[in-house]
1. Given just the C-alpha atoms of the stretch B:319-396, how large is their convex hull per residue in cubic angstrom?
2. By how many nm would the segment from B:Thr378 to B:Arg21 grow when fully extended, if each residue of separation counts as 0.36 nm and the alpha-carbon distance is taken off?
3. Using a Gaussian network model on chain B with a 10 Å cutoff between Cα atoms, which of B:Pro366, B:Pro277, B:Pro171 fluctuates the most?
4. Among A:Ala32, A:Ala56, A:Met21, which residue has its Cα furthest toward the positive end of the charge dipole of the stretch A:2-62, with +1 on Lys/Arg Cβ and -1 on Asp/Glu Cβ?
5. Which cross-chain or sequence-distant (5 or more) residues have an amide H under 5 Å from the amide H of B:Arg110, H modelled 1.01 Å from N in plane?
6. May I ask you to list the lysines whose Cα is less than 16 Å away from that of A:Lys9, ignoring any residue fewer than eight positions away on the same chain?
7. Can you work out the FRET efficiency for the pair B:Arg134 and A:Asp8, with r the C-beta to C-beta distance and R0 = 30 Å, to the nearest 0.05?
8. Using only the alpha-carbon atoms of chain B as identical scatterers, what base-10 log of I(q)/I(0) does the Debye formula give at q = 0.10 Å⁻¹?
Amino acid sequence: MKVELEADKCVASGQCVLAAMDVFDQDDDGIAILLDERPAAEHLDDVKEAIAVCPAAAIRLVDQ
Amino acid sequence: MRRIVVVGASAAGLAAAETLRREGYDGTLTLVGDEPLAPYDRPPLSKQLLAAEWEPERLTLRSPDDLAGLDLDLRLGVAASGLQPADRTVELADGSTVPYDGLILATGVRPRRLPGAGGHVLRTLDDAVRLRDRLTPGRRLVVVGAGFLGAEAAAVAWRLGCEVTLLEPAPVPLAHAVGTEVGEVLTRAHLDRGVNLRCGVTVTEVTGEGVRLADGELVEADEVLVAIGSLPNTDWLDGSGLTVGDGVVCDEYSAAAPNVYAAGDVARWHNPLFGLPMRIEHRTNAAEQGMAAARNLLAAPQARKPFAPVPYFWSDQYGMKIQAYGYLRGHDEVAVVEGELTEGRFLAAYRRGEKVTGALAVGMPPKAIRQWRQAIATGADWDGTVASRSRAEVVPEGVSA
């Protein structure tokens, strides 16, 4: 599974970092950064949580 | 549990439906939405959509494939009209009846309106497109209400070259929510750009020519946007036996009755983190509470978890990004702990009782704000957390919600 992040949709809420801090970080403007686009299985639940709480719907998980 | 109905197909309802499936629920899942559109995102309506930077398609929350993957009994374009808890059925406006074992109410809010000729409101995609198409340079827009929605719309219209008048009944916009000092910073942002902000005025009516004030004055406008808050969509629950009082009244688990939960803008629940009942109209809360309601509905009674979030919201106005954590209303004190109000770059902390209960930042780096979220989440002691850091004079507030 691959994580996709649309940075231009990001509203800098930081919710993804709170949900999955091994996979996401924020730059100095608060815009989300993908640390690991193919996270290990043990992080997938956290990523799904991040997708659900992202207020900008900017994160997706795709089968690739 | 083999039949679950989620009423409301926006952020909270979608989050609930997705969570139910993610947690392994494989029974019938009915998602009812009064708008004909698949779930879409509302915060951009007063921002990128209104500014014509984004087309409506960008607001779609999930692709058709993702929605299909949820295996929903999807009922869009039909409102729920009644609830019979004794029979465990939801009645829909098209005359059909949907039985349930578990129910999640996420019917959201609708805009308050003014008497008279109507004017625009800003809640749905249709509302936003209609207003967007009228915001051409030189057009006179009157915005009634200088809350976050009205302020965002005013900022967009100003940028598009409209002549903007913003009318607000309170002496300082948003003072009840963020405090007088921070409210004044947000006020200056309008005035600095030549937006005609008039405070302490009450609008009684929208007319064909503009709006009528309580003292009889007519403020002329080509377009009027009414942004004076919203009302929970609970009328359809009359006679259901559920307790309704400015929202569906819930306990700390977001439960309104056995196997009936509420989430999002419509839910008034007891947040144990603050020890207060609250109803939060924020995008992130809709998703978080939708998830929490879904999990609690599926959980065994003793495995349910109280819903105790730190609320979060953001607002974009004139290139300022405002971010806030916690519960700011009804605070006892505000202190600027980083930056300066006058520079428009600051972080203000909010006290209620002995605890840090809120933080609002403008133009601050994310890591600075996250520390304060943590302080709120852990119920940090105000004296130990703020007194040592406060750079500006602590501002006593006589403000209550």
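1. Convex hull volume per residue, Cα atoms: 83 Å³.
2. Values: separation 357, 0.36 × 357 = 128.52 nm, distance 3.10 nm.
125.4 nm is the gain from fully extending B:Thr378 to B:Arg21.
3. B:Pro366
4. Of the listed residues, the answer is A:Ala56.
5. B:Leu231, B:Asn233
6. Excluding near neighbours in sequence, the set is B:Lys47, B:Lys321.
7. Details: r = 27 Å, r/R0 = 0.89.
With R0 = 30 Å, the Cβ-Cβ based efficiency is 0.65.
8. -0.71
We did not get these values from a lab; they are worked out from the coordinates using the rules stated. Everything numeric here is computed off the predicted structure, so don't read it as measured data. Cβ: placed from backbone, ideal geometry, glycine included. Neighbour counts: every protein chain shown.
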